[in-house]
Every structure is written in structure tokens, then in C-alpha cells.
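Input: a single structure, listed below in C-alpha cells.
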Amino acid sequence: MSSNKLELGQFINWNCGQNYPFGACMAKLIECLGGDSALYTYDFFAGIAGDDFVMCYGDNERFNDCVSVCVDNEAFIARVLGMIGLKYRLVKHSEWTGELQQYYTLVKQFIDRGIPILCAGVAENSNYDLLISYDDETGKCHLSCGDDIQYGIDIPFDDIECDFVFIEHLPEITDIALVYQNAVKQIPDLMTAKKTADGVVFGPDAYRNWAEDIISGRYNRYTSEDYDSWRHWCIYICNLATNAGHGEGFLRRAYDLNSNLTFVPNVISLLHENNKIWSELELLGGGFNCTLEVLHDKTKAMSIAKTILKLVVTNEKIINIISAYTNGCA
């Protein structure tokens, strides 16, 4: 019987706007492989993922955090890791649970080599984690999104509900400037992606549907007993606040590397406008401290919804600005 645990410490910083675990998990995994930690940062992965730019919304009782959580795991991993030439092997939950011993052995081999396994959640309200330990005696493994104090969990191997992504080589990037350029150019497509099977919409449609749900009385159906302020409200404020401020650094880096992206300052200005609209929501009582009582007040709820609709306009402008460049009109 053997056991092993990778001591990775805390590798996500919520207080710095690092609110999307995929970026933190990837940055730490690449660091474990000996990658350049100055290049492969949380910001880098949150940027190429689209997490730092795209609003997500759905009246589906799920935690609709961000793009990496709301879209299909297989398609998401293929898109993002493909952008940086990163070879991987994704094993779906339905596959590895049928060969438990085989994949437990593989997990052990990776851990013993100092390589964590990326876990893409498949359960309702799951997110991204790194699998960083195993213990033959207890049969348990440890999952961490980067904050073990709040979210670390020891769980029996066969109870893990995720797709495994095995990565053992560094990315193969020949032109980092092109990676940044392509990441910016994809933003309109991510913002206008089709509604998911779980009813999640993106970009301007996310803000539009959110506002329309407020106006039509979505929140009137909740009582204090069944209203979850984070699941039903704050997660969207968090997405707005994060994306209004955190994506700017990625955009500036993209512009530094690609002087032809002359539209970037205009996009950054619109992010600043989004930030002002978030501040307006806070003043209206529709921010992080929004209460069910406020949402049940028709006058206050209408003011909040009208303010959210301003975000439809700013995000449509972002789409139009980037699309004009991509289509050769800028």
C-alpha cells in the first residue's frame, strides 16, 4: 500500500480577481511540468479560455460561473489547449469509471511523477480541480481548485465526478503574439455562442435574458427558504465585476504583442464602462448585497433590470469592434 500527495499550496487568489478555477489549475499544472510561470499565468489561461470576457446566464438552478464551466468539457478543452499546441488525453467520466483500476494506476503514475491531473467536473455545479493525491489504504484522492482551506476535498476515487485530462508535455507555441491575437479575435464568437443544453446563454444575450427574467418575475417565485443568493444572483454580479476589471491586463498584453490591434483601447474603455454600470447596480441595491426583498420590490427590480440592459449595449459594441477588425473593416 502506498500514498503520495503533491504539496502545491494555494494557487488561486480570489482577492485578485482570480475567480475561475480553470485558469488557476492550468497555470499550476504547467508549472509542475517545468513551464515558464511568467508566461503561463492565471491571466493567460483565463484570457484564452474566454472566461475573463464572456458573461454567462441561465435560469437553470446551476452555478453558471463562466465559459469553462458552462460549455461542453470536450469541446472546451479541444479549443483552448489547441490554441497553444498542448497535447493531452481526455478520458470521459463514463469511460474511466468502467476501468477503475486501470485509471487509478494511471493517476498514481502521474502523481508519482509530480504531475497533477486536470479534472473537468461533470456533476451539477462542478468546476475545475487538480487531482493531487492518492492513498491506497483509504482509496481516497484529494481534489483542489487552488484553495484547499475552503474547497479542498478528500474523496473516494470512484466517487469523483469529472472527466480526466492527462497532460504530460509542455505547450508547443511558435508565435505567442498570434496566440494572444487569436484569443482576442475569438471573443465575438464566444459572446454569441448558441444556448447550451442546460439553457445557458452568453455575452449580450446573457445580460438581456437576466434583465428580462427580473422584469417577468423570476425572483418572485423564491422565498427566503429556497433562495440561494450566490447561485441565483451573486454569481452573475461576480462574473460582471470580474470581467469588467480582470480582462484588461490580457488585452493590454495582446496589444503590446500585436500593434495592429488598434481597437484594443476602445474595448478596454467599454470594460471600464461595464465597471461603472456594476457600480450603479451596487448603488441601487442590486450588487453583491442584493436581497430577495429588493428583487420582490417591482420598482427597485425594474431599476436594476434597466441598468443591466445597459450591459447589452456595451457588450454588443465590444462584439462589433472586434468583428470589424476580424472582417477587415477596421
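The trypsin sites (Lys or Arg not before Pro) of the stretch 55-90 meeting both criteria, a DSSP state outside H, G, I, E and B (loop) and at most 13 other C-beta atoms within 10 angstrom of the site's C-beta, are 87. Measuring nothing but how far apart in sequence close Cα pairs (under 8 Å, 6+ apart) lie, relative to its length, the stretch 58-210 scores a relative contact order of 28 percent. Once the 1.4 Å probe is applied to the protein heavy atoms, the stretch 62-112 comes out at 44 Å² accessible per residue.
Straight-line cross-link partners of residue 108 among the lysines, defined as a Cα under 24 Å from its Cα and at least 8 positions apart when in the same chain: 5, 28, 87, 92, 140.
By accessible area, using a 1.4 Å probe on protein heavy atoms only, the stretch 53-178 has 46% of its surface on carbon and sulfur.
Dipole magnitude for the chain: computed about the Cα centre from +1 point charges on Lys and Arg Cβ and -1 point charges on Asp and Glu Cβ, it is near 1200 debye. Here residue 194 is the anchor, and the lysines within straight C-alpha reach of less than 20 Å, apart from those fewer than 8 places off in the same chain, are 185, 317. Between the beta carbons of residue 174 and residue 313, assuming R0 = 35 Å, the FRET efficiency works out to 0.35 to the nearest 0.05. The stretch 179-243 and the stretch 133-167 have their alpha-carbon centroids 29 Å apart. For the stretch 200-330, averaging the sequence separation of C-alpha pairs within contact (under 8 Å, six or more residues apart) and dividing by the residue count gives a relative contact order of 40 percent. For the stretch 91-198, chymotrypsin sites (Phe, Trp or Tyr not before Pro) are listed when DSSP marks them as loop and at most 10 other Cβ atoms sit within 10 Å of their Cβ; the list is empty. Residues of the stretch 142-168 with amide nitrogen under 18 Å from the 7 Å Cα-to-Cβ point of residue 1? Only 142, 154-158 pass the distance filter.
Inter-label distance, residue 231 to residue 36: 4.4 nm, where each label sits 7 Å from its Cα along the C-beta direction. Under the criterion of Cα pairs below 8 Å and six or more residues apart, the relative contact order for the chain equals 22 percent. Starting from the Cα gyration tensor of the chain, take the square roots of the eigenvalues, sort them a ≥ b ≥ c, and report rounded, prolate or oblate (rounded when a/c is under 1.5, otherwise prolate if a/b is larger than b/c, else oblate). Because a/c hits 1.5 or more and a/b fails to exceed b/c, the chain counts as oblate.
The values are calculated or read from the model by the stated rules, or taken from the named source; none is laboratory data. As the structure is a prediction and not an experimental result, all values here were calculated from the model. Quick reminder, even Gly has a Cβ in these numbers, built from the backbone with ideal geometry, and neighbours come from all protein chains shown. For the accessible areas, the whole protein counts, side chains as well, though only heavy atoms, and no ligand, DNA or RNA atoms are used. Shrake-Rupley method; radii C 1.70, N 1.55, O 1.52, S 1.80 Å.
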